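J.: Following this message is one structure expressed as structure tokens.
The values are calculated or read from the model by the stated rules, or taken from the named source; none is laboratory data. Keep in mind that what you see is a predicted model, and the values were worked out from it rather than measured. All Cβ positions, even for glycine, are placed from backbone atoms using ideal geometry, and neighbour counts span all protein chains on display. Just so you know, the surface numbers come from the protein's heavy atoms only, side chains and all, with ligands and any DNA or RNA stripped out. Shrake-Rupley method; radii C 1.70, N 1.55, O 1.52, S 1.80 Å.
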Amino acid sequence: MKVIYNVNVITMNRNKDIIENGVVLIENGKIKEVGGPELLPALEAENRIDGQGGILIPGMVNTHTHISMIVFRSLADDVPDRLKRYLFPLEEALVDEELVRVGADYGIAEMLLSGVTTFADMYYFEDEVAQAAKAMGIRAVLGETVMNFPSPDSQEAYGGLAYGTRFIEKWKNDDRITPAIAPHAPYTNDTQHLRLADEISKKYGVPIIMHVAEMEYERDLYQKEYGMTPVGYLNEIGLLSERLLAVHAVHVTEDDLCLLKKHNVGISHNVGSNAKSAKGIAPVLNMRGQGLDVGMGTDGPMSGNTLDIMTQMNLLPKVHKLFGGDRSLFPAADVVEMATIGGAKALKMDQMIGSIEPGKRADLVLVETDSVNMQPIYDYYSALVYSANPSNVRAVWVEGENLVMDKKLVHFDLRELQARLHTMHDKIVNVAERL
């Protein structure tokens, strides 16, 4: 048994209970008990972890990213038409198993060091991402991308369906990896292949991840061709279900929200990348008002530049307060909720993770409160949302396994991961300069 004590526990349970000077008991990877100092048992010293008055929160959930894009981070940040002008050509020329694995290793390191314990990813060669996640101990929902043109891991259009099926069969019984299928978007998949992806999702009982209603172009295209919204189109062809994670959902109507709620679709809100790319502000307040499960995502690190959820926690209320003209919107407690149990609900994993409660997996993050930016603290939620940053993450556990301690990876050397990442630099520059 492990014991974490001398911490202020932000449980994120139904009542949002906070336990000051709290204690959490961990046994066999699960939370056994949560309470005050009276729970401290007589255990060996090495099993007792002094939280030093920090804040213990549930592991944060990044509900959407493409982590291996980290190899392209800081390229073409302010260039119009970045997707078609830079990203697709870079991927066509450079993406292979090695690049995906190097990017995944480094991206997972960044997430762990910033307190992300679960992430949802969609990219190519997703088996490499799964192997990286398994080796580094993080929890992951991983979807192979499906496109209507040849991709880095398929010489044929829609080759991701075959790759994805093999990938799901390989990983479907893993304890920390949840395989998924990930058609890129409605506009990059025709009706037939979207339905095939959904059939794969049904057959194996796995999630289906897709960018939905992300851009004005997409909204206008579906209005012109079908006389309906992208969400309406997906409903018409039978794609809306509780297995679907709809990413972005920026350009949605009230009728769309009713459909998404009716089918219990999870939503990934990517406030940072949406703002940076000027795609618009998703109506998250209305989504939550209708009872939709909404979590936070970073998008790929070439889009949003970070993989940590703390940055998103800081951005989200500020963007929505400004857009809504009301400083009372999105109180800090609601923001922390979206970063933890909200993300777990969006991924349909809330029976397992997302809050600090007996019986749940011990996915935990200790935020230190000694640094200059963290004092004084009158409200724990406000401190987490408006004061804290990733450098304040002191320790991270996934299923009770200590993966970060004293702000360092326990099992990996960050400098070695950086050195491998830097081996990609010259060939990326050579291709980028020709674009």
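J.: Once you sort the root eigenvalues of the Cα gyration tensor of the range 254-373 as a ≥ b ≥ c, which label holds: rounded (a/c under 1.5), prolate (a/b larger than b/c) or oblate (the other case)?
T.: Oblate, because a/c is 1.5 or more while a/b does not exceed b/c.
J.: Taking a ≥ b ≥ c as the square roots of the Cα gyration tensor eigenvalues, with a/c under 1.5 meaning rounded and otherwise prolate when a/b beats b/c, else oblate, which class fits the range 208-267? Intermediate values should be presented prior to the final figure.
T.: On the way: a/c = 1.69, a/b = 1.45, b/c = 1.17.
Since a/c reaches 1.5 and a/b is larger than b/c, the shape of the range 208-267 is classed as prolate.
J.: Using the alpha-carbon centroid of each, what span in Å lies between the range 328-374 and the range 103-137?
T.: 19
J.: Kindly express, to the nearest 10 degrees and within the range 0 to 90, the angle between helix 191-204's C-alpha long axis and the longest C-alpha principal axis of the chain.
T.: For helix 191-204, the angle is close to 30 degrees.
J.: Something else about it: Please list 3J(HN,Hα) in residue order for the range 139-154, calculated via the Karplus relation 6.51 cos²θ - 1.76 cosθ + 1.60 where θ = phi - 60°; whole Hz, with x for glycine and proline.
T.: With coefficients 6.51, -1.76 and 1.60, one gets 8, 8, 10, 10, x, 6, 6, 10, 10, 8, 8, x, 10, x, 10, 8 Hz.
J.: Could you tell me the relative contact order of the chain? Use alpha-carbon pairs under 8 Å, at least six residues apart, and round to a whole percent.
T.: Relative CO of the chain lands at 21 percent.
J.: Let me ask something additional. Using alpha-carbon positions, what is the distance between the centroids of the range 275-290 and the range 13-37, in Å?
T.: Each part's Cα centre sits 33 Å from the other's.
J.: Using only the C-alpha atoms of the chain, find the volume of their convex hull and express it per residue in Å³.
T.: Each residue corresponds to 138 Å³ of Cα convex hull volume.
J.: Using a 1.4 Å probe on the protein chains only, how many percent of the accessible area of the range 171-255 belongs to carbon and sulfur?
T.: Answer for the range 171-255 is 44 percent, counting heavy atoms of protein chains only.
J.: Sticking with this one: Determine Rg/Rh for the range 309-435; Rg is computed over alpha-carbon atoms and Rh is the Kirkwood hydrodynamic estimate from the same atoms.
T.: That ratio equals 1.06.
J.: Using packing as a proxy for protection, rank 418-426, 260-268 so that the peptide with the highest average count of other Cβ atoms within 10 Å comes first.
T.: The most tightly packed comes first, giving 260-268, 418-426.
J.: Once you have the Cα-Cα distance between Lys16 and Lys321, take 0.36 nm times their residue separation minus that, and quote the gain in nm to one decimal.
T.: Length difference between fully extended and current span is 107.5 nm.
J.: State, to one decimal in nm, how far the label point of Met1 lies from the label point of Asp220, with both points 7 Å from Cα in the Cβ direction.
T.: Simple spin-label model gives 6.4 nm for this pair.
J.: Given charges of +1 on the Cβ of Lys and Arg and -1 on the Cβ of Asp and Glu, with all other atoms neutral, how large is the dipole of the range 23-151 about its Cα centre, in debye to the nearest 20?
T.: Numbers: 10 positive and 21 negative charges, 61 e Å.
Dipole of the range 23-151, to the nearest 20 debye: 300 debye.
J.: Please figure out what share of the DSSP beta bridges in the chain is antiparallel and state it in percent, rounded to the nearest 5.
T.: Approximately 45 percent, going by the DSSP bridge assignments.
J.: Dipole of the chain, Cα-centred, from +1 at each Lys and Arg C-beta and -1 at each Asp and Glu C-beta, to the nearest 20 debye? The partial results should precede the final answer.
T.: On the way: 42 positive and 60 negative charges, 98 e Å.
Dipole of the chain, to the nearest 20 debye: 460 debye.
J.: Provide the gained length on full extension for the span Glu433 to Glu92, in nm with one decimal, where the gain is 0.36 nm per separating residue minus the Cα-Cα distance.
T.: 121.3 nm
J.: When DSSP beta bridges are limited to those with both residues in the range 1-125, what percentage is antiparallel, rounded to the nearest 5? Provide the component values of the computation, followed by the final result.
T.: Working: 12 of 22 bridges.
If I count the DSSP bridges inside the range 1-125, around 55 percent turn out antiparallel.
J.: Length gain on complete extension for the stretch Met352 to Asn173, per 0.36 nm per residue less the alpha carbon to alpha carbon distance?
T.: 62.9 nm
J.: At 1.4 Å probe size, with every protein chain present, just tell me what the per residue accessible area of the chain comes to in Å².
T.: On the way: 17370 Å² over 435 residues.
Accessible surface, normalised per residue, equals 40 Å².
J.: Could you sort out which of Lys262/Lys321; Lys16/Lys172; Lys172/Lys348 sit more than 26 Å apart by Cα distance in this structure? Each step should come with its number before you reach the end.
T.: Details: Lys262/Lys321 28 Å; Lys16/Lys172 33 Å; Lys172/Lys348 16 Å.
With Cα atoms farther than 26 Å apart: Lys262/Lys321; Lys16/Lys172.
J.: Counting helices only, and only those DSSP H runs with n ≥ 4, report the 222 nm mean residue ellipticity of the chain as the sum of -39,500 (n - 2.57) divided by its residues, in deg cm²/dmol to the nearest 500.
T.: Values: 15 runs with 143 residues, N = 435.
Taking each H run of at least 4 residues, the total per residue is -9500 deg cm²/dmol.
J.: Near Gly53, within a Cβ-to-Cβ distance under 12 Å, what is the net charge of the other residues, with Lys and Arg +1 and Asp and Glu -1?
T.: Numbers: positive: Arg394; negative: Glu20, Asp50, Glu368, Asp370.
Computed value for this residue: -3.
J.: Could you check how much of the accessible area of the range 265-386 is carbon and sulfur, as a whole percent, using a 1.4 Å probe?
T.: The computed percentage sits at 54.
J.: On a 0 to 90 degree scale, rounded to 10, what angle separates helix 126-136 from the longest Cα axis of the chain?
T.: Roughly 10 degrees between the two axes.
J.: Next question. Report the paramagnetic label zone for Glu236: residues of the range 181-223 whose backbone N is under 11 Å from a point 7 Å from Cα along the Cα-to-Cβ axis.
T.: From the range 181-223, the list is 222-223.
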